[in-house]
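Read through the structure below, which is laid out as structure tokens, and then see the notes.
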Amino acid sequence: MGFHHLHKILAFLLMFLSFRAAHGQAPDTDRAELKVAGATIDVTLPDAPMKLSRQELLGWVQASASTVANYYGRFPVPHLTLRIRGSNGSGIRHGVTYSKDGGLILISVGNNADVAATKEDWVLVHEMIHLAFPNMGDDQRWIEEGISTYAEPVARARMGGMSVAEVWGTFVRDMPKGEPQPGDEGLDHTHSWGRTYWGGALFCLVADVRIREHTKNRKGLEDALRGINKAGGSISEDWEIAKALAIGDKATGTTVLRSLYKEMRDTPAPVDLEKLWTKLGIAMKDGSVSFNDKAPEANIRKAITASPLSARAAHQ
Ligand SMILES: [Zn+2]
């Protein structure tokens, strides 16, 4: 996740080297083409021996892409190049997303990673969400990372890839990392890790709740993000934030994104999280989450992490 921008130069070097490696042994390079929600994903599989079979690796890519397509109503770019590198260990890490060729993701999978690791993986979903939003200037990296940080667990919960309790438990635990610290000058001027990833996520959470409050829970943040993506907002575009937020607001018929940005961009604007959790009916007890369905905005909480799969199953 931090790799996305912090190690851009190193990552470009690695990309260059791996392209050279691919050229040197082109006939042996294992490639596959996946179709997901109308999009094409060209996958390069690792050369090194892996515990995961080819089919298991491709299944993980397919599932991650479907999770993102479900949240956005489509896969956010028509064509993605995905290069999977083998690495030591059992983890999935070092995801990086570039605008090259309409979308390029590099990701490392440990030679000892197993199917359970692919089911728990959040990195590929996080990177694929980056495809759906235009490139911002340096002062607005927080919104790129914030969207990926917030929408990744939400999107996974909606496909049953993460439990609803785990999503809210993560948010209760980690959202405070996005709160302003002493000396904070607002999201556009405070480029710490906490403010970039979790400050951005905090912006998204508050925006999601406010959009739902303003639309009787008929629209949510995903409608704004879908609107931006449909209007051509994707990783291969460079936009001003004002343009993205205006298009997002138009999609929900509100001014939530623009007014929240105004509140948070140049001033600390802390969020009263305790109040927010109570309103949504979320409480932490001994490290586990409990829900109060009688809370005033319990329906908003439920809509955010609603699983269309389980709803559909219930109707069948
Ligand atoms: Zn990222």
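Quick notes on this one:
- Rounded percent of accessible protein surface that carbon and sulfur make up, the chain, 1.4 Å probe: 53 percent
- Nearest 10 degrees, 0 to 90: helix 241-252 Cα axis against the chain principal axis: 70 degrees
- With all protein chains modelled, accessible area of Glu240 [1.4 Å, Å²]: 140 Å²
- Of Lys250/Lys279; Lys250/Lys285; Lys177/Lys219, those spanning more than 29 Å from alpha-carbon to alpha-carbon: Lys250/Lys285
- Amide hydrogen proximity for Phe133: with H placed 1.01 Å from N in the peptide plane, the residues at 5 or more positions away or on another chain lying under 5 Å are Ile235.
- Under the simplified labelling scheme, the Asp30-Asn217 pair shows an inter-label distance of 4.7 nm, with each label point 7 Å from Cα along Cα→Cβ.
- DSSP-defined antiparallel bridges as percent of all bridges, the chain, nearest 5: 55 percent
- Within the assembled protein chains, the solvent-accessible surface assigned to Lys177 is about 100 Å², based on a 1.4 Å probe.
- Gap separating the Cα centres of region 59-121 and region 242-258, nearest whole Å: 29 Å
- Solvent exposure ordering (accessible area, 1.4 Å, most first) of Glu222, Glu120: Glu120, Glu222
- Solvent-accessible area of Phe291 with every protein chain in place, 1.4 Å probe, in Å² to the nearest 10: 80 Å²
- Considering only Val77, Val154, Val115, the Gaussian network model of the chain with Cα springs below 10 Å gives its largest mean-square fluctuation to Val115.
- When Glu185, Glu145 are compared by accessible area at a 1.4 angstrom probe, the order from most to least is Glu185, Glu145.
- Cα-based radius of gyration of the chain once divided by 2.2 N^0.38 Å, which approximates compact folds: 1.00
- For the options Gly137, Gly86, Gly146, a Gaussian network treatment of the chain with springs between C-alpha atoms closer than 10 Å singles out Gly137 as fluctuating the most.
- The angle separating the long axis of helix 164-174 from the principal Cα axis of greatest extent in the chain is about 80 degrees.
- Applying Stokes-Einstein at 4 °C and 1.567 mPa s to the Kirkwood radius of region 138-315, computed over alpha-carbon pairs, gives a translational diffusion coefficient of 78 µm² s⁻¹.
- Relative contact order of the chain, taken over Cα pairs closer than 8 Å and 6 or more residues apart, is 15 percent.
- Amide hydrogen proximity for Thr40: with H placed 1.01 Å from N in the peptide plane, the residues at 5 or more positions away or on another chain lying under 5 Å are His79, Leu80.
The values are calculated or read from the model by the stated rules, or taken from the named source; none is laboratory data. This structure is a prediction, so every number in the text was calculated from the model and none was measured. Positions of Cβ are generated from backbone atoms using ideal geometry, with glycine treated the same way; all protein chains shown enter the neighbour counts. What goes into the accessible areas is simple: the full protein's heavy atoms, side chains included, and nothing from ligands, DNA or RNA. Shrake-Rupley method; radii C 1.70, N 1.55, O 1.52, S 1.80 Å.
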